[in-house]
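Each remark here refers to the structure printed beneath this line.
No value in this document is a laboratory result; all are computed from the given coordinates. In this text, all values refer to a predicted model and were calculated from it rather than measured experimentally. Cβ placement follows ideal geometry from the backbone for every residue including glycine, while neighbour counts extend to all protein chains displayed.
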Amino acid sequence: MPRDTDRLTLAVAKGRIFKEALPLLAAVGIVPTEDPEKSRKLILPTSDPAIEMVIVRATDVPTYVDYGGADLGIVGRDTLLEYEAGGFYEPLDLRISPCRLSVAGATPELLERTRLRVATKYPVITRRHFAAKGVQTEIIKLYGSMELAPLVGLADCIVDLVDTGNTLRANGLLELEEICKVSSRLIVNKASLKTRYALATRLLGKLEALLASTAGRP
Ligand code: AMP
């Protein structure tokens, strides 16, 4: 069923990103009209009649926006770097959910090895990072609790998101190397920017102005 061109669909990554995006969206007049935690509806109307929201797994956000199932998306830079195709623009750093993507393990000597077994949910980024340093990797793809892998001998080290570092410390692991900084980004389907130009640029303009007014604030 084709979507109306007089409406924008915004896909937001579930969990932490969704929670942190809510105040930002509210500040530009977009508030879901039903409680997303209670509603069984998959498409949520908002206080702005021209905008509806879908809340999906982070890894699905680029897919929805790439294929035009959603016009815009809010998702972490980590997920975007891992997703290789890209029928979308990435016009705004929303500066929410800041953290870093890092290599972690039990000892710094691990970084002197020329072969490593790495557990991660980011195989593309991990392979690229170690290949650039001339390190051969065997990648073990996991979907969660990466910190467990070195503890049980499944991997030498991990590549995962680190925020406070508490999870690593609690498991006796060290942050060995930062691969990149991460925060949530707004992405826009390239075709939607043409077919829904006025709506999309109005929302982008409002978010841009809001971010400019809060620049430099923590
Ligand atoms: P921390 O203990 O504060 O360093 O947080 C690390 C744990 O939270 C890891 O399991 C990460 O995968 C997860 N995490 C940290 N920051 C984020 C983020 N911005 N988005 C999603 N997961 C995160």
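By the gyration tensor of its Cα atoms, with a ≥ b ≥ c the square roots of the eigenvalues, what is the shape of the stretch 99-181: rounded for a/c under 1.5, prolate for a/b over b/c, or oblate? Because its axes are fairly even, with a/c under 1.5, the stretch 99-181 counts as rounded. Rg/Rh, computed from the Cα trace of the stretch 71-218 with Rh as the Kirkwood radius, has the value 1.07. Inter-label distance, ALA131 to ARG7: 4.2 nm, where each label sits 7 Å from its Cα along the C-beta direction.
Add +1 for every Lys or Arg and -1 for every Asp or Glu among the other residues with Cβ under 12 Å from the Cβ of ARG128, and state the total. Intermediate results must be reported in sequence, preceding the final value.
Numbers: positive: ARG127, LYS133; negative: GLU82, GLU84.
Summing Lys and Arg as +1 and Asp and Glu as -1 gives 0.
Taking θ = phi - 60°, what integer Hz values does the Karplus form 6.51 cos²θ - 1.76 cosθ + 1.60 yield along the stretch 209-214, in sequence order, with x for Gly and Pro? For the stretch 209-214, the Karplus curve yields 5, 4, 5, 5, 6, 10 Hz.
Charged side chains reduced to their Cβ positions (Lys and Arg at +1, Asp and Glu at -1) give the chain a dipole of some 220 debye around its Cα centre. Counting 0.36 nm for each residue step from ALA170 to VAL124 and taking away their Cα separation leaves a gain of 13.8 nm. The protection proxy used here, the mean number of other Cβ atoms lying within 10 Å of each residue, ranks peptides 16-23, 59-66, 32-39 as follows, highest first: 59-66, 16-23, 32-39. In this calculation the C-beta distance from LYS41 to LYS19 is compared with R0 = 25 Å, giving a FRET efficiency of 0.85. Taking amide H as placed 1.01 Å from N in the peptide plane, LYS14 has its amide H under 5 Å from the amide H of VAL56, ARG57, ALA58, each at least 5 places away in sequence or on another chain. With 28 Å as the limit on Cα-Cα distance, the pairs of LYS19/LYS206; LYS14/LYS181; LYS14/LYS206; LYS121/LYS181; LYS19/LYS133 that go past it are LYS19/LYS133.
Counted residue by residue at 0.36 nm each, then reduced by the alpha carbon distance between them, the extension gain from LYS181 to ARG57 reaches 42.6 nm. Modelled spin labels at LEU154 and ARG202, positioned 7 Å past Cα toward Cβ, are 4.8 nm from each other.
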